[in-house]
Each structure stands twice: as C-alpha cells, then as structure tokens.
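**Q** Before I ask anything, let me first share the structure, which is written out below as structure tokens.
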Amino acid sequence: MTLTSLWRDRRPRTPAVQATVDGDYDVVVVGAGITGLTAALLLARAGRSVAVVEARHLGAGTTGGSTAKVSLLQGTQLSRISRRHPDAVVRDYVTANREGQAWLARFCADHGVEVQHRPAYTFATSDSGATSARGEYDVARRAGLDVAWLESVDLPFPTTGATRLDDQLQLDPVELLDALAREAEAHGATIIEGVRVRRVTGTDPVRVVTDLGVARADTVVIATNMPILDRGAFFARAKPARSYSLAFRTPEPAVDGMYLSADSPARSLRDAPDPSGSLLLVGGNGHKPGAPVSEQQKLDELRHWTATHFPKAEETHAWSAQDYVPHHALPFVGPVLPGRDEVLVAGGFAKWGLTNGPAAALALSGRILGGHQEWASIFEPWRSRELRGVVDSARTNGEVGIEMTWGWLRPVFRPGAGAPPDEGEGTVRLDRVGTPTASARVDGVESRVSAVCSHLGGVVRWNDAERSWDCPLHGSRFGPDGEVLEGPATCGLSRR
C-alpha cells in the first residue's frame, strides 16, 4: 500500500517534466526539504544564482512526513545532548533552535502560512518516565527555557508528570515548503524536481551529475538529511530512525497542545485544523529501518492504542517518516571534508528539523556569504566534540557489522527460487550463484531485483506496510522494482 501523509494529501504535487539539467550557478542545493529550500531562499535573496535539485518532489522526504512541531522543548533531546556535552553547548543548541524558530515564524507571518500557537509537553506515564521528564525540565531551565513542571496533564490516560513550555508553534509542513519555493523562485532561484543527483565531483567548479545532465557551481549544499556522498562517512556517524503517524477525525478537539512521551515506545500527540473541524495526530513506535519487525504491526499498535484512549476517533491518514540521529547528539552542518568549503552538508536533526533545519540554513548561508553566527560552531563537523559520541558510534557500527554478516547468511538458509511471493509480500532467497535475490509481488506484478543495497552492500528486508525494500545498515529504501526511495543510496537495486 502507499502511505500518504495528511500534508501531502492536502497538497499533491506532480513534478514538471525536465528536458535537461545543465547550467552554471553560484550554488546548487541538493534536496528540497525545509533546509534546502530555506538555504536557497536566503542565498537567492542575497543575489546568488541558485538551483535546487530534488529527486522526487517538494515534501516527498522527511519534512513532508513530519509532525511539524516547531518547538524548543523536544522530548528529551536536551537531556541527550547534556549527557555528552557541557551546559554551554546545550545553551548554544537552544539558541540555534530559537533562531530557526524565530526565522520560521517571521516567514510564515509574512507569507500567509497558517501557524497555531500551542504549549509543548514532555510527559511521562511511569516513574522512570517521570525521572526523564524531570531531568529534561532541569536541563531546559539551565539552558534558559521558561519551562514549568506539572504533576499531571489533561490526557485520557494516567500521567506521572510533565515538562511544559508555552507558546510553541505547529503548522502544515508542505504548505510551508510551497511558500518557501514560491519565494525562492520569485528571487530568481531555479527549482528542479523529479531529477536524481547521482554524484558530485570536482572542485572548481563543482560538478553535480544528475540523470538529465550536469550542473556546475562554486558551492554545493547537500541537504538530503543523510548526505548522499560517502566522503566524510556521515553514514557511520548517525543511525536511521523510522517512525509512524496517524491522523484521526474526532467529534471535538482531542488535545490542546503538542505532546511527546518520555517513556518508550514513544507517543506523540497534536491537533491539526481541518475544514471539517479538528484532527488528532498520533505518532510514535519508531524503529531502525530494515529491522526484523513488521512495519504493519507497528502501525496497527498505534491504531489500537488510539482506539483505547480516543474511542471516537476515525482514521483518515497513515504515514511514516525517516530521520537520522547523530552519535554525538548534535546536527552536522558544515563542510563534508575538513577545510574544504566547496561542498557543505546539513542533516542529523534527530526528528527536530522544523527548528534545526532553518537554523542549519542560516548557518550555511552565513558561511557562504561571509557572515557568522556564534552558535553555528556547535554544528560544525570535524570538531573534537564529535569524540563525545565515539562510544555510541562504535556500538552503532558494531551493530551494522553484525547485520551485514547475518544479512548475507540468512539467504543461505533459503536456497532456490521457492514459491512466488503472495500479493503484498516480499522474500529474499539465494536462487543463483552470487548475490541473493529480492522478489516481491505488488498489484499483481512480480519484481525480482538484487537484494544487495547499492550503497554499501547490506542485504535488504521487506517492509510489509509500505511495500518497499529497506536496508538495515544505513536506511536506504527502494521500491519493489528497485527504484531508490530515500537514504544515502543514489542507485537502485539491479534488476534480475
């Protein structure tokens, strides 16, 4: 099945057919999410010639699947940073996100993007969750946020405490992207959708090689969340995380704020204005893509949880989104290689891209234009503070190594072609000498492709909710026919 977010369904978009991609620009931005489009707008406003190249369409990636909470209270994210870095770094992180939030608020006010002001909550449903939520309160206070501690919150299930921050924002992220794109184009930027970048080469100029030609630029910004370039090994410095969202129609507004649990499995709640009234958005149940789980079961668990606590809710949409969590708890925003500013990257927002994305765009545009933000230094790659995540990085990459080994061993126990897959199912088998084969049947059509991810050779698993092949190593995802959907991979799975 195709899972479509509420936001994409409201504003469906079909990219214009492109004849070729060829030209010389000051800056080429790869990726048309919130970071890429904000950076393009800032640079175009400053008089730079800018092209944005997007493999699918505006809103097709992480931004379009976001819960779109524009909040400085971010679950227990500040605590995660605090465990690895001194208080000064946490304060700079909050300052960066405050700048991103303020820029976004001004843009939305100036360009008619609807925004709702809501309190944000990090809530708990257990004693251990209350300890985590209280810890977030303490870190947030030290970082300068005017948070409050509540012994309970008004939700239809017992809670054991919550941290609250008033006057945060929520919005429709695809409405925002449309407005950013219109404004960037009004300032002369070129936006190219439906064209995939395959590689970036050279230095003066930098050559951006796509399916439909080559664009040349002084500077290239890779704003694809996880960089599509292997140089810099960012894929080894962050882990992919996939989570789910459901939208429900309710007879009356179900919640009055933006909620995120400190307990696991995560539960996210917010409302969304709708012409017919108010919708309830429920999210959570995250896991690593390509993990040995049933994605459909993850969705069904969210449905069951919602039916238990909001029995009158009627489902309207279901979708998922993917983000990346850096090993040292801070986004990476800066040069892909140390001392080389011709290729810059931004990503690793740990599910908080609606504030970190604009902050990253401000930092990158300032770097290109010769400006400076003091807080931007905490995001720069290749600084010694990344060593504070070395233990997590070693653990993550150890897991990747184990998965690589077992991924290749599993098909050995399923030799031969076997029976054709049933409708909606996919199997991986060793049906020939060499690499295993991934077979799937969707809408009556059987597809057979290599089961080996084109990024770094992991063996993919079938996603039974989204009918896709997902790589457990670094989160690359492919359609049943092998076409790239997302992740660091730029080439599809080869046909069999």
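The values are calculated or read from the model by the stated rules, or taken from the named source; none is laboratory data. As the structure is a computational prediction, the values presented were derived from the model and not from experiment. Because the Cβ atoms are built from the backbone with ideal geometry, glycine has one as well, and the counts that use them run over all protein chains shown. Accessible surface is based on the protein model in full, side chains and every heavy atom, while ligands, DNA and RNA are left aside. Shrake-Rupley method; radii C 1.70, N 1.55, O 1.52, S 1.80 Å.
**Q** Can you give me the accessible area per residue for segment 1-155, using a 1.4 Å probe, in Å²?
**A** Details: 6210 Å² over 155 residues.
Spelled out: the 1.4 Å probe surface of segment 1-155, per residue, equals 40 Å².
**Q** Between GLU423 and ASP127, what is the label-point separation in nm under the 7 Å Cα-to-beta-carbon projection?
**A** 5.2
**Q** Now for a different question. What number, in percent, do you get for the relative contact order of the chain if the mean sequence gap of Cα pairs under 8 Å and at least 6 apart is divided by its residue count? Walk me through the numbers on the way to the answer.
**A** Details: 1174 pairs, mean separation 88.3, N = 496.
Across the chain, relative contact order equals 18 percent.
**Q** Here is a follow-up. Could you check the simple spin-label distance between ARG10 and ASP230, using points 7 Å along Cα→Cβ, in nm with one decimal?
**A** Once both label points are built, they end up 4.1 nm from each other.
**Q** Of the DSSP beta bridges with both residues in the chain, give the percent that are antiparallel, rounding to the nearest 5.
**A** Values: 76 of 99 bridges.
Counting DSSP beta bridges with both partners in the chain, the antiparallel share is about 75 percent.
**Q** If you don't mind, another one. Where nothing but the Cβ of Lys and Arg (+1) and of Asp and Glu (-1) is charged, how large is the charge dipole of segment 242-287 around its Cα centre, in debye to the nearest 20? Don't jump to the answer; show the numbers that get you there.
**A** Details: 4 positive and 5 negative charges, 46 e Å.
In debye, rounded to 20, segment 242-287 gives about 220.
**Q** Under 20 Å from a label point 7 Å along Cα→Cβ of ASP22: give me every residue in segment 177-201 with its amide N that close.
**A** From segment 177-201, the list is 190-201.
**Q** Right, here's the next one. Provide the FRET efficiency to the nearest 0.05 for the GLN296-ASP154 pair, computing r from the beta carbons and using R0 = 35 Å. Please report the intermediate quantities before stating the final value.
**A** Values: r = 32 Å, r/R0 = 0.92.
In this case the efficiency is close to 0.65.
**Q** Cβ under 9 Å from ASP256's Cβ, ASP256 left aside: what net charge do those residues give with Lys, Arg +1 and Asp, Glu -1? If you can, show how the numbers build up before the last one.
**A** Numbers: positive: ARG118; negative: ASP154, ASP271.
Once positives and negatives cancel, what remains is -1.
**Q** If you take the square roots of the eigenvalues of the alpha-carbon gyration tensor of the chain and sort them as a ≥ b ≥ c, do you get rounded (a/c under 1.5), prolate (a/b over b/c) or oblate? Don't skip to the answer; put the middle values down first.
**A** On the way: a/c = 1.40, a/b = 1.08, b/c = 1.30.
Because its axes are fairly even, with a/c under 1.5, the chain counts as rounded.
**Q** Follow-up question, since we're still on this one. Every cysteine in the chain with no other Cys Cβ under 4.7 Å from its Cβ, please list them in numeric order.
**A** CYS108, CYS491
**Q** Can you give the charge dipole size of segment 1-96 about its Cα centre, rounded to the nearest 20 debye, using +1 on the beta carbon of Lys and Arg and -1 on the beta carbon of Asp and Glu?
**A** Working: 12 positive and 7 negative charges, 99 e Å.
With only Lys, Arg, Asp and Glu charged at Cβ, the dipole is about 480 debye.
**Q** Which of rounded, prolate or oblate describes segment 287-392 when judged by the alpha-carbon gyration tensor and an a/c cut-off of 1.5? Could you put the intermediate results ahead of the total?
**A** Values: a/c = 3.19, a/b = 2.18, b/c = 1.47.
Cα axes put segment 287-392 in the prolate bin.
**Q** For segment 164-246, what's the relative contact order in percent, using C-alpha pairs closer than 8 Å and at least 6 residues apart? Working shown, then result.
**A** Working: 54 pairs, mean separation 11.4, N = 83.
Worked out over segment 164-246, it gives 14 percent.
**Q** Helices from the chain with mean Kyte-Doolittle at least -0.5 and a Cα length along the axis of 27 Å or more, per DSSP H: which?
**A** Working: long enough: 87-111 (36 Å, -0.41); 390-409 (28 Å, 0.04).
Going by DSSP H runs, the hits are 87-111, 390-409.
**Q** Projected onto the charge dipole of segment 168-264 (+1 at Lys/Arg Cβ, -1 at Asp/Glu Cβ, origin at the Cα centre), which of THR201, ALA215, PRO227 gives the Cα projection farthest towards the positive end?
**A** It is THR201, whose Cα lies furthest towards the positive end.
**Q** A further question follows. Is segment 33-177 best put as rounded, prolate or oblate by its Cα gyration tensor, with a ≥ b ≥ c the root eigenvalues, rounded for a/c under 1.5, and otherwise prolate when a/b is larger than b/c, oblate when not? Mind showing how you got there, number by number?
**A** Working: a/c = 2.28, a/b = 1.78, b/c = 1.28.
Note, shape of segment 33-177 comes out prolate.
**Q** So for the chain, if I pair up every lysine 8 or more residues apart or on another chain, how many of those pairs have alpha-carbons under 17 Å apart?
**A** Lysine pairs, 8 or more places apart or on different chains, close enough: 5.
**Q** What size of dipole, in debye to the nearest 20, comes out for the chain about its Cα centre when the only charges are +1 on Lys and Arg C-beta atoms and -1 on Asp and Glu C-beta atoms? Each step should come with its number before you reach the end.
**A** Working: 54 positive and 59 negative charges, 260 e Å.
Dipole size: approximately 1260 debye.
**Q** Let me ask you something else. Within segment 308-335, name every residue whose backbone N is under 18 Å away from a label modeled 7 Å from Cα of ASP274 along the Cβ vector.
**A** In segment 308-335, the label zone of ASP274 (backbone N under 18 Å from the point 7 Å along Cα→Cβ) covers 308-320.
**Q** Further question: Quick check: residue separation of ARG495 and ARG83 times 0.36 nm, minus the Cα distance between them. What number comes out in nm? Intermediate results must be reported in sequence, preceding the final value.
**A** Details: separation 412, 0.36 × 412 = 148.32 nm, distance 4.59 nm.
Length difference between fully extended and current span is 143.7 nm.
**Q** A follow-up question, please. So, counting K/R as plus one and D/E as minus one, what does the shell of residues with Cβ under 14 Å around ASP154 add up to? Spell out each step's value before the answer.
**A** Details: positive: ARG118, ARG164; negative: GLU151, GLU252, ASP256, ASP271.
After counting each charged neighbour, the total is -2.
**Q** Using Cα-Cα distances under 8 Å and only pairs 6 or more residues apart, what relative contact order does segment 30-149 have, in percent?
**A** Numbers: 85 pairs, mean separation 28.6, N = 120.
It rounds to 24 percent for segment 30-149.
**Q** Please list 3J(HN,Hα) in residue order for segment 14-28, calculated via the Karplus relation 6.51 cos²θ - 1.76 cosθ + 1.60 where θ = phi - 60°; whole Hz, with x for glycine and proline.
**A** Computed from phi, the couplings for segment 14-28 are 10, x, 5, 5, 9, 7, 7, 10, 7, x, 10, 9, 5, 9, 10 Hz.
**Q** While we're looking at this one, here's another question. Can you give me the distance in nm between label points at GLU114 and GLU315, each placed 7 Å from the Cα along the Cα-to-Cβ direction?
**A** 2.5
**Q** I've got another one for you. Hey, if you put +1 on the Cβ of every Lys and Arg and -1 on every Asp and Glu Cβ in the chain, which of ASN463, PRO289, PRO381 ends up farthest toward the positive end of that dipole?
**A** It is PRO381, whose Cα lies furthest towards the positive end.
**Q** Then there's this: Just name one of SER450, LEU72, TRP352: the one whose Cα is farthest towards the positive end of the charge dipole of the chain (beta-carbon charges, Lys/Arg +1, Asp/Glu -1).
**A** So the residue furthest toward the plus end is SER450.
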